[in-house]
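Bear in mind these aren't lab numbers, they're just calculated from the coordinates by the rules spelled out. Bear in mind the structure is a predicted one, so any value in this text is a computation, not a measurement. Reconstructed Cβ throughout: ideal geometry from the backbone, glycine too, with neighbour counts over all protein chains shown.
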C-alpha cells in the first residue's frame, strides 16, 4: 500500500517576495511534492496555511502517514488547536519531517520541549553535509558527503534534546558546524529534522536534497495501526489486574472514577 | 556553596481530604523539605499554588538550583505564564525533579513533548523498585531493591520519550511494571522523574524514598552559570564569521535584521 | 527480495539432555526456523556449532541479512576468529538477534562492551512481558502484554549499555523485573536482544514469542549495501581534501603512509 | 577527598622521534599530568607501557578514580590481560578519558564494540571545536568555540555507537567535521573521548585543551563504591526470591549450581 505523504507549507514568501516567487513558482510545497512523487510507492498531497484548518483537518491527518513541514515567517499564525491535532497524530504514529526554518515551528518546539534555537547567516556560502551514520535508511544512495551552494548557515549550539540518531553533520564555509539531520521518536511517531532549504536559494532543486526527502518519508512511515490510546490513563481495578489482588488500605478515588489530569 | 532546593506543591489534597491531611499535616511539601534538609549541603524552601505567582517569581526561580514538583488535582490551575517561566529556567540549567502524579503536570508534559500517560490502580499493593543502574548517583546508598507498601500502581506503557538513563524499574503485586526513575536533559537542565508518592499513603516517610530525593537533588544541580542565551537565535554576519567570507547571492534579510520566529 | 535469515544454535542441550531433546527434537534452531518460515518474505537456513567454521563461513555470512543466535553451555567453544567475522558483518549491516542465554555469548559481549550479566532462577514461574514501545515494529500485532509459563527468571541489573530503545519489560512471579527486549546499533547493524527461551521449557512453541521473532527479523534487516569500509581509516591528503589546503607544519607520517593501529 | 587520576601513555614517539621528543621532553603523559595538577582537588600519577604490567597493576587500578589514555603506534603491544583488567575497572566505576589516537586503542574498541575508525590528514590545519552542549560539566569555563592550530584532521564517519552526549563538534580547514567530544557509560564507568592531541604538535600546551582535560577528570569520577558484582550472575533460588514461590516444572540446573558462561 502506498505511503501517504502530505507536504505542508505556509506559502507566504513565494507570494510576497519576488525572488522566492521566481525560484518556486509552484510553491516550496510544490517543489517538495514533486521530489517525493518520483517514488512510485508514495502518494503526495499538499496543504497550506490559508486553507480551512490550514489544510489539516482531522480527517485528512487521519489519512496521512508522513507530514512534511515547511514554515518560517508565519509560525505565529498556525492555530494552537491545529498544532494540538498534529502533535496528537505524531504520538499516534504519523511520521513528521521538519525542514529548515521549521526548527522554530510550534509543532517542532512542542515535540522537542526545548527552544530549538541556533545561529544563522544568509551569505550564500557552501554547506557540506557529511553522512555520519552511513547505514541509516535516510542516507540510502548518498555519497560520503554532498555539497549545497549557496545555502544559509545554521550554526551550533542547536538547542534540541540529544537526538536518537545523528545522520548528517554540516560544515559551513564561514566556520560553523551543525547537526543537519537528526531523528527522534515521540509516542509512535518518528521525527526527522533536516536543515537545508533556505527559501531564497534553489535548495529543493538539488538532487541529493530530494533524495534525502524521499528516503526520510520512507523511514518516517510507521505501518502500525494508529496508537489512539497513547494519551489514555486507564484505571485497572484490583480485581481485573493481571494478578488479581485484594484492595488494601485507604483510597482517594472511588471505583470507576477518572484520574486527575 | 549550598545547593538551593525549592519544593513546590499544589497543597490541595492535604486541605480538602482528611486522610491526606492527617498523613501530611505539614503538607507534602513539608515532608519532602524535611527529607532534603537532612543534607547539610542543601538549603530548602517551599512554595505552593495559592501564593502569588504560585510562589515561583522570576527572582525566586533565578535563585533556585533544583525545583521539586508535586501536583495532582490542580494541574489545570497552574498558569501558563508560570509554566513558561519554569520551563525557561530548566533550559538555563535549573534541575527539575518531578514526583508521582506530576507526570501529568503541565511542566513535565511540555518538557517531554509526549502525553506522559500510564495505567493506575489504588489498591495499597506492594511496589518493589529495582536499581538497574547501580553506579548512578541517584542510586547512591541503596540496596539492590527496596519495597514500598502500600503504594499506588502505575503501569506501562508510560508514554515518555526514550530516557537518557533508566535508574529504577518497579514491580507491582498486581502484575504491572513501570520505569520508576528516569532521567532526561533539556537545554542545560537535568530532569528526574520519580514514580512513588501517592498522597493517600505515607510514602514520603519511607527512608529509601527520602534517600532518593536527596540523591536526586545533588544529581540535578548543574553548577554552570545560567545558560541565558539558550533560546537566542543570533545572526552572525559574513564579515564576523569565524572564517570571514564574502557575502554571495541574493538575500531575504537585511543587515541587522532579526530572524523570524 | 526475500530477507535471508540464518538461525545459529550451539545444538548441545538437545543431544545431551533428554528433556531438552524431547522438547526440541528438531533442535532449538529447527523450532525457531519454523517460526520464521511462516513469513513468506523470509528465507531461513540454520547453522550449528559442530559444522565446519560453525556453519558461519565468510561466504555464508555475506549472504545473510539477519543472524539469530542461541547459545548457552558452549559459549566457550565458539572460535574467536568466527566471532571476529560475525562482529565484522554486524558492523557492515547484518542484523543480529540474540536470544535468552545468548546474553553471555562472545558475540553479544563483544558488541556491547559490558559484562551482560544478570540474576537467574529456574523455577517454572510466570513471565509477563509488557510492551512499553507500542508503535515499535518488533511489537507489531501484540497485545499490551503476553505471558509465558513456565519460564526461567532473568533479573535486573542487566549490565548492558543504555539501549537505543526498550521494547519489552518483564514481570516475574518471584518478584523480579527485566528489560526483555532491547535494541542497539553497532556500525550499520541493528541488534535486538530478546530474553525468553529457556531450553527446558517449550518457549519457542509460544505463539507470541514466535511473532516477536518474525517481527525482529524484519526490523533487523538493513537493506543498505554492506558498509565494507566501516573499519577503514583512510588518509585524505591535503591536496585531495574537500577544500584543498596547503600542508603546514611538521609531519610524522610520509605521503601515502598507513596510520597506526 | 581528592580525585585520583592516572595518566597512561605508551611513551614511544617521544623517544624515537626527535620532533615529538622536543615538543614533549617530559612525555605526553607529563604534559597532561601537569595540566591536571593545576586542579587542587586532583592527585595525579603517570604510568607507561614499558613499566611492569604497563604500570597498571590490580592494586594501582583499584586506587584510580579516572584513567587518562594516550596511545598510538604501540596499541598492539598492550597485553590483553591488562586490557581485561582496565575494562573490568571501568565497569566497576573507574572513569576513562581516551585521547586522540586512542580511538584505536584496544580498551576503547573493546568498550565501544565497534571499529572506532575515522579519516585523517596531517597538514597542520585549523581545528575549531564548537561546544554543542553548553551546560555540560566538560564544557565548564569554555567560550562558544575554541581553535587549535596546527592540528591533525580526523573526519567523519567516526564508527562509534551513538553517544550518550555529544559535547564538541569540530570544523576543519580542509572541509571535514568530527564529533570531537563524546560521552558513554559502560557499567558504572563514565567514558569521555576527546579528539585533539596529535603528537607532532603542541596541543597539550593549549589552554582550553588543558581546561577540557581537567573538566573531564571531574566529570568522569564516579564516587560510588566499586561495583564489584557487575559481572556476577547469581542464582536466586525460588525460596529466597523477593516473593517466595514454589518451584515448578522440569529443571536443567541443580540447586547451587553455577550458570553457564
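The antiparallel fraction among DSSP beta bridges confined to the stretch C:3-220 stands at about 55%. Within the protein assembly as shown, antiparallel bridges make up roughly 55 percent of the DSSP beta bridges whose residues both belong there.
Taking neighbour counts of Cβ atoms within 10 Å as a proxy for exposure, in what order, fewest first, do D:73, B:89, C:15 appear?
Least crowded to most crowded, the residues run C:15, D:73, B:89.
Mean per-residue shielding of peptide B:123-130 is 6, counting Cβ atoms of other chains within 10 Å of each Cβ. Here, the stretch A:36-82 is characterised by an Rg to Rh ratio of 0.99, where Rg is the alpha-carbon radius of gyration and Rh the Kirkwood radius. Packing-based ranking of D:4-10, D:26-32 yields D:4-10, D:26-32, ordered from highest to lowest mean Cβ neighbour count within 10 Å. Note on residue B:246 and residue B:84: the model spin-label points, each 7 Å out from Cα along the C-beta direction, lie 4.5 nm apart. If you run the Gaussian network model on chain C, springs between alpha carbon atoms under 10 Å, then out of C:46, C:64, C:228 the most flexible one is C:228.
Highest mean first, the peptides A:142-150, A:76-84 sorted by other C-beta atoms within 10 Å per residue fall in the order A:142-150, A:76-84.
What angle, in degrees between 0 and 90 and rounded to the nearest 10, separates the Cα long axis of helix C:207-220 from the longest principal axis of the Cα atoms of chain C? Long axis of C:207-220 versus the principal axis of chain C: about 10 degrees.
Dividing the convex hull volume of the alpha-carbon atoms in the stretch A:131-197 by its residue count gives 100 Å³ per residue. With label points defined 7 Å past Cα in the direction of Cβ, position residue C:202 shows copy-to-copy spacings of 5.0, 6.8, 7.7 nm, given to one decimal and shortest first. Taking A:34, A:224, A:188 in turn, the Gaussian network model of chain A (Cα-Cα springs below 10 Å) assigns the largest fluctuation to A:224.
Closest approach of a chain A Cβ to the axis relating A and B (residue, whole Å): A:113, 2. Structural size metrics of the stretch C:68-186, computed from C-alpha coordinates, are Rg and Dmax of 14.9, 42 Å. Computed from Cα atoms alone, the Kirkwood hydrodynamic radius reported for the protein assembly as shown is 29.9 Å. Starting from the label point of residue D:16 at 7 Å along Cα→Cβ, the same points in the other copies fall at 4.6, 6.7, 7.7 nm, in ascending order. Taking the label point 7 Å along Cα→Cβ, residue C:51 and its counterparts in the other copies are spaced 5.0, 5.4, 7.0 nm apart, in ascending order.
Using per-residue counts of other Cβ atoms within 10 Å, averaged over each peptide, order C:130-136, D:171-177 from highest down.
Working: C:130-136: 23.0, D:171-177: 25.7.
Per-residue mean Cβ counts within 10 Å order the peptides as D:171-177, C:130-136.
Working note: Debye formula, equal point scatterers on the alpha-carbon atoms of the stretch D:78-144, no solvent; log10 I(q)/I(0) at q = 0.18, 0.25, 0.27 Å⁻¹ is -0.92, -1.10, -1.15. For the stretch C:3-220, the equivalent ellipsoid built from the Cα gyration tensor has semi-axes of 24, 20, 18 Å, listed from largest to smallest. Counting Cβ atoms of other protein chains within 10 Å of each residue's Cβ and taking the mean over peptide B:160-172 gives 6.
Which whole-number percentage describes the relative contact order of chain A, with Cα contacts under 8 Å and a sequence gap of 6 or more?
Numbers: 519 pairs, mean separation 50.4, N = 261.
Normalised by residue count, the contact order of chain A is 19 percent.
Per residue of D:131-144, other chain Cβ atoms within 10 Å of the residue Cβ number 5 on average. Compactness ratio for the stretch C:1-93: Cα radius of gyration over 2.2 N^0.38 Å (N = residue count) comes to 1.09.
With the gyration tensor restricted to C-alpha atoms of the stretch D:167-224, the semi-axes of the equivalent ellipsoid amount to 24, 15, 9 Å, longest first. Each part gets one Cα centre, and for the stretch D:215-231 versus the stretch D:65-124 those centres are 17 Å apart. Where only DSSP H runs of four or more residues are counted, chain C gives -6000 deg cm²/dmol as its mean residue ellipticity at 222 nm, each run worth -39500 (n - 2.57). Under the criterion of Cα pairs below 8 Å and six or more residues apart, the relative contact order for the stretch C:171-248 equals 19 percent. Would you mind telling me which residue in B:230, B:16, B:38 has the biggest mean-square fluctuation in a Gaussian network model of chain B, where springs connect alpha carbons within a distance under 10 angstrom? Between B:230, B:16, B:38, it is B:16 that shows the largest mean-square fluctuation.
The calculated FRET efficiency for residue D:144 paired with residue B:147, based on their beta-carbon distance and R0 = 56 Å, is about 0.70. Between the beta carbons of residue A:43 and residue C:34, assuming R0 = 51 Å, the FRET efficiency works out to 0.85 to the nearest 0.05.
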